[in-house]
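Have a look at the structure below, then the notes.
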Amino acid sequence: MNKDLNIYVLIKQVPDTRSKAGVNADGTIDRAKAGKMLNPFDAFAMQAAIDAKAMGGPNSKITAVTMGPPPAIAILYQALEHGIDKACILSDRKLAASDTLATAYALSMTLEYVQAKDGPADLVFCGLQTTDGDTAQVGPEICERMDLTQITYCEGFEIRDNLVHARKVIEGGAMEVEADLPALITIANSYNRLEHKTFRGAKFVQEVKRNEAIQKQFVEIIDLADCKAEDSRCGLPGSPTIVSATWKIGTVGGSCKMHQGKSVEELVGEVVNINQETIKEFAKA
Amino acid sequence: MAKEVLVVAEQVDGIIANVTLELLGEGKKLAHKLDAPLSCFILGHNIDSQVDRVIAAGADKVYVADHPELAEYKTLPYRRVIIDEINTWSTPPHTMLMGSTTSGRDLAPRIAAYFETGLTADTIELDIGPYEHKAGVDKSKIGYFPECLYANRPSFGESLKARILGPWKDPQMATIRPGVFPLPEMVSKPRSEAAKIKNVEVKLEESDHRVRISKILREAGSKIDITEADVIIAGGFGLGSIEGFKLLQELANCFENSVVAASRKAVDLGWITYPYQVGQTGKTVRPKIYIACGISGALQHRVGMQKSDLIIAINKDPDAAIFSFAHHGIVGDLFHVIPEMISQIKASKKEPAFA
Ligand SMILES: Cc1cc2nc3c(=O)[nH]c(=O)nc-3n(C[C@H](O)[C@H](O)[C@H](O)COP(=O)(O)OP(=O)(O)OC[C@H]3O[C@@H](n4cnc5c(N)ncnc54)[C@H](O)[C@@H]3O)c2cc1C
Ligand SMILES: Nc1ncnc2c1ncn2[C@@H]1O[C@H](COP(=O)(O)O)[C@@H](O)[C@H]1O
């Protein structure tokens, strides 16, 4: 029998790239206009947290943690609808333009803050990567700061005798590992899809939204001062990297020979004829 | 020991991975610009034979950590050995490069966080150049830096490329996906004159054994490795469903050493599995022939295949981005174009040689 597990899951709100809203004609994204959604990778992390809770003792609980502007609270409500027990958001203007190192610092301070109230983590789940930052760095950087056991690219796991037995993706295959708690696990997108909202979760969110007192208890909003994070280690000052230049690369080509406006036989015939040497070299005899 | 360009090697079953050789090839150019030695850190067990390979690929210095616990990649032991060694240096390396593989992406952020330094993920271009930081929120960053690591990567805005740099602190770090840079020419040299070799002491602590490997399952055979194919038939969202891949497979069957691959959208929809994904977060390929079917040509896809020798794109939208960089563009419905292509390729084989 496993002990009660204290589980945290780190989730992020990202621009919604599935819709056309906020996508400029040149392909760049207008973050202000674009819709917002839960980072798709973090949905897998949320399912992993829910699965882990089911493996723990009866008083196991999950807290979702995010860092972002106030509207990101939406994904915390989404988490509660799926049966996550509590949530906390770190929101502070001074966090703008944080790179991964600054983000990992701020999130680890937030985790320290919630741990001081709710008890030390046994498990922290992260998505493999975000669709906007897309670095897969924040999880391991938090591990380094908090000295947690690290398992990345996890596809499935079990908790037995208070040890994690996990399967993870490696180059050209997979690896099974046994690891000690407390552990931070990043979840690959080959993990089970997030299940539907629960009826209880949805009702709970309705109640939380109505009642300010419970809201404070279940969806905590904190800033840098609350979690005792140093300003100099966040945002621009705390970020060792900057973006020094950007440029478009949509227009380099232009040498494409177009084949159009004819019958399919003719179109294919043109391409096959022009390239017949190459095609013959690799075609099956 | 100032200003080294350090490549951390990746090995599988005691053989240095190609990505390491590719990074040494590119690292050599950076080392030239910095007038610094190119060094390579190899961790593993019974890996002495690999020292010659990294020297042949251009390493001027080799750090070798040989220990049974290092035979397979494990986060904590690898992290410990590399950090301990660098901490004995008077200054850390100027630049540190790793493969953007499952293990490189596991290890690089640990080292970056330890040194509290910057790390650019999934870089597609590297260079050394100057940077002047004029004003900003943080006055302590102001200054002129003649030798920064430039790491360019596609940014979230789909058609933008961003240069990321962080000259304030060394090591300046980047991860690079396999296949982005070409393999360097291998020139064997006798060890004595070629390179300095340092055997690195391996001292692990109790806490480094928190993750224990119980089983390794590596897929045998290279069928799944799309980076090795001569001909790639790639499909995207335009295929409409998983069924579309059967048609692609039929076209692939017309060629030798060919394979079917996909855009991320097709992978995310579950039409095909991740090892077949081409692009920034998939694999970088450079086959002799790349036929893109129903793929729009987003930047993140393009960076994974633009170096293919011959790119033929099939798309029903004449304004699709893929037509800006393919060599031949066929505007049409892939469900009509591909069957026609299959029959023409088959027919062209049957023609007598003199026809
Ligand atoms: C951080 C990040 C990383 C990413 N990494 C990758 C990556 O590694 N690889 C990757 O591929 N993408 C990646 N993407 C996604 C990428 O931006 C695009 O969304 C994706 O490549 C689009 O896939 P697609 O071309 O298949 O689909 P779409 O863009 O939807 O294009 C489908 C195309 O099919 C055409 N079409 C439709 N029906 C037909 C028909 N019957 N006949 C012919 N043509 C037809 C349409 O005209 C259209 O051009 C990434 C995105 C982000 C944000
Ligand atoms: N702002 C954030 N708030 C909460 N979690 C985050 C944030 N940024 C990153 N993460 C976590 O770290 C993972 C990897 O993110 P990234 O390094 O940006 O690719 C994500 O899937 C999240 O689990």
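Going residue by residue through the range B:291-303, is there one that turns out to be more than 9 Å from ligand 1 (Cβ to nearest atom), modelled with pLDDT of 90 or more and surrounded by 24 or more Cβ atoms within 10 Å (Cβ to Cβ)? Outline the logic, then answer.
Quick first cut of the range B:291-303, residues more than 9 Å from ligand 1 (Cβ to nearest atom) only: B:291.
Retained after the next criterion (residues that are modelled with pLDDT of 90 or more): B:291.
Checking which are surrounded by 24 or more Cβ atoms within 10 Å (Cβ to Cβ) leaves us with B:291.
Checked the range B:291-303: at least one residue is more than 9 Å from ligand 1 (Cβ to nearest atom), modelled with pLDDT of 90 or more and surrounded by 24 or more Cβ atoms within 10 Å (Cβ to Cβ).
Determine, yes or no, whether A:LEU236 is of a type outside the set (D, E, K, R), open to solvent by 40 Å² or more (accessible area, probe 1.4 Å) and within 16 Å of ligand 2 (Cβ to nearest atom). Yes: the conditions hold for A:LEU236.
Of the residues making up the range B:70-91, just one is within 14 Å of chain A (Cβ to nearest Cβ), within 22 Å of B:LEU38 (Cβ to Cβ) and either surrounded by fewer than 21 Cβ atoms within 10 Å (Cβ to Cβ) or modelled with pLDDT under 95 (or both), namely B:ILE83.
Of the strands (runs of 3 or more DSSP E) that lie entirely inside the range B:63-167, those containing 1 or more residues that are free of Cβ contacts under 8 Å to residues at least 60 places away in the same chain and polar (S, T, N, Q) span B:119-123, B:143-154.
Just to be sure before I move on: is B:ARG286 within 16 Å of ligand 2 (Cβ to nearest atom) and open to solvent by 10 Å² or more (accessible area, probe 1.4 Å) in the structure I sent?
Working: within 16 Å of ligand 2 (Cβ to nearest atom): no; open to solvent by 10 Å² or more (accessible area, probe 1.4 Å): yes.
In short, no.
With respect to being crowded, with 23+ Cβ neighbours inside 10 Å and either under 20 Å from the mean Cα position of the chain (by Cα) or more than 17 Å from A:GLN129 (Cα to Cα) (or both), B:ALA135 falls outside the description. Pairing each residue of the range A:116-141 that is outside the structural domain of A:VAL169 (by TED's automatic domain parsing) and in a loop (DSSP other than H, G, I, E, B) with any residue that is more than 7 Å from ligand 2 (Cβ to nearest atom) and open to solvent by 10 Å² or more (accessible area, probe 1.4 Å), provided the two are 6+ apart or on different chains, yields no C-beta distance under 7 Å.
For the subset of the range B:229-247 comprising residues that are touching a Gly at 6+ places or on another chain (Cβ under 8 Å) and surrounded by 24 or more Cβ atoms within 10 Å (Cβ to Cβ), which member is farthest from B:TYR274 (Cα to Cα)? Give the derivation first.
The initial filter retains those residues of the range B:229-247 that are touching a Gly at 6+ places or on another chain (Cβ under 8 Å), namely B:235-240, B:242, B:244-245.
Then keep just the ones that are surrounded by 24 or more Cβ atoms within 10 Å (Cβ to Cβ); that gives B:235-236, B:239.
Details: B:GLY235: 13, B:GLY236: 13, B:LEU239: 17 Å.
Step by step, filter the range B:229-247, then rank; the result is B:LEU239.
Which of the strands (runs of 3 or more DSSP E) found entirely inside the range A:181-285 contain at least 1 residues meeting this: at pLDDT below 95? Break it down into steps so the answer makes sense when it comes.
Values: elements: A:183-187, A:219-222, A:242-248, A:257-259.
It comes to A:242-248, A:257-259.
Listed by first and then second residue, the pairs linking a residue in the range A:220-233 that is on the phi > 0 side of the Ramachandran plot to a residue that is surrounded by 15 or more Cβ atoms within 10 Å (Cβ to Cβ) and in a helix (DSSP H, G or I), with Cβ atoms under 9 Å apart and 6 or more places separating them unless they lie on different chains, are A:LYS228/A:MET109; A:LYS228/A:GLU112; A:LYS228/A:TYR113. Among the residues of the range B:72-120, write down those that are under 25 Å from A:ILE170 (Cβ atoms) and hydroxyl-bearing (Ser, Thr, Tyr). B:TYR73, B:THR75, B:TYR78, B:SER100, B:THR101, B:THR102, B:SER103, B:TYR114, B:THR120 - these are the residues of the range B:72-120 that are under 25 Å from A:ILE170 (Cβ atoms) and hydroxyl-bearing (Ser, Thr, Tyr).
With respect to (1) within 13 Å of another protein chain (Cβ to nearest Cβ); (2) in a loop (DSSP other than H, G, I, E, B); (3) within 11 Å of ligand 1 (Cβ to nearest atom), the lone exception for B:LYS265 is condition (2).
Yes or no, residue by residue, for (1) more than 7 Å from chain A (Cβ to nearest Cβ); (2) buried (at least 23 other Cβ atoms within 10 Å of the Cβ); (3) modelled with pLDDT of 90 or more; (4) within 13 Å of ligand 1 (Cβ to nearest atom):
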{"site": "B:GLU256", "(1), (2), (3), (4)": "no, no, yes, no"}
{"site": "B:LYS316", "(1), (2), (3), (4)": "yes, no, yes, yes"}
{"site": "B:HIS336", "(1), (2), (3), (4)": "no, no, yes, yes"}
{"site": "B:ALA353", "(1), (2), (3), (4)": "yes, no, no, no"}
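I'd like the full set of residues that are open to solvent by 20 Å² or more (accessible area, probe 1.4 Å) and facing chain B (nearest Cβ under 7 Å), limited to the range A:264-273. Reasoning before the result, please.
Going through the range A:264-273, the residues open to solvent by 20 Å² or more (accessible area, probe 1.4 Å) turn out to be A:264-266, A:270, A:273.
The answer is A:VAL264, A:GLU265.
For the range A:149-169, a residue qualifies if it is among the β-branched types (Val, Ile, Thr) and either outside any strand (DSSP E or B) or open to solvent by less than 20 Å² (accessible area, probe 1.4 Å) (or both), and the qualifying residues are A:THR149, A:ILE151, A:THR152, A:ILE159, A:VAL164. All of (1) crowded, with 18+ Cβ neighbours inside 10 Å; (2) within 19 Å of A:ASP122 (Cβ to Cβ); (3) at the interface with chain B (Cβ under 9 Å from one of its Cβ atoms) hold for A:ASP180 with one exception: (1).
Summed over the range B:320-334, residues that are open to solvent by less than 20 Å² (accessible area, probe 1.4 Å) and of a type in the set (Phe, Trp, Tyr) total 1. Quick one: in the range A:56-82, of everything that is touching an Asp or Glu at 6+ places or on another chain (Cβ under 9 Å) and open to solvent by 30 Å² or more (accessible area, probe 1.4 Å), which residue is nearest to ligand 1 (Cβ to nearest atom)? Checking each candidate, the answer is A:MET67.
Here A:GLY133 clears all of (1) within 16 Å of ligand 1 (Cβ to nearest atom); (2) under 17 Å from A:ALA48 (Cβ atoms); (3) small (Gly, Ala, Ser) except the condition numbered (2). Pairs linking a residue in the range B:241-260 that is within 15 Å of B:LYS288 (Cα to Cα) and assigned to a loop (DSSP other than H, G, I, E, B) to a residue that is open to solvent by 80 Å² or more (accessible area, probe 1.4 Å) and of a type in the set (Lys, Arg), with Cβ atoms under 8 Å and 6 or more positions apart or on different chains, are B:CYS254/A:LYS284; B:CYS254/B:LYS346; B:GLU256/A:LYS284.
For residues that are over 21 Å from B:ALA112 (Cβ atoms) and touching a residue at least 60 places away in the same chain (Cβ under 8 Å), tally how many sit in the range A:234-251.
The first filter runs over the range A:234-251 and keeps only residues over 21 Å from B:ALA112 (Cβ atoms), leaving A:245-251.
After this cut, where a residue has to be touching a residue at least 60 places away in the same chain (Cβ under 8 Å) as well, the list is A:248, A:250.
Within the range A:234-251, residues that are over 21 Å from B:ALA112 (Cβ atoms) and touching a residue at least 60 places away in the same chain (Cβ under 8 Å) number 2.
Among the residues of the range B:20-35, those identified as in contact (Cβ under 8 Å) with a residue 40 or more places away in the chain and open to solvent by less than 10 Å² (accessible area, probe 1.4 Å) are B:THR20, B:LEU21, B:LEU23, B:LEU24, B:GLY27, B:LEU30, B:LEU34.
The values are calculated or read from the model by the stated rules, or taken from the named source; none is laboratory data. Worth saying up front: this structure is predicted, and the values here are computed from it rather than measured. Quick reminder, even Gly has a Cβ in these numbers, built from the backbone with ideal geometry, and neighbours come from all protein chains shown. These accessible areas exclude ligands, DNA and RNA; they are computed on the full protein's heavy atoms, side chains included. Shrake-Rupley method; radii C 1.70, N 1.55, O 1.52, S 1.80 Å.
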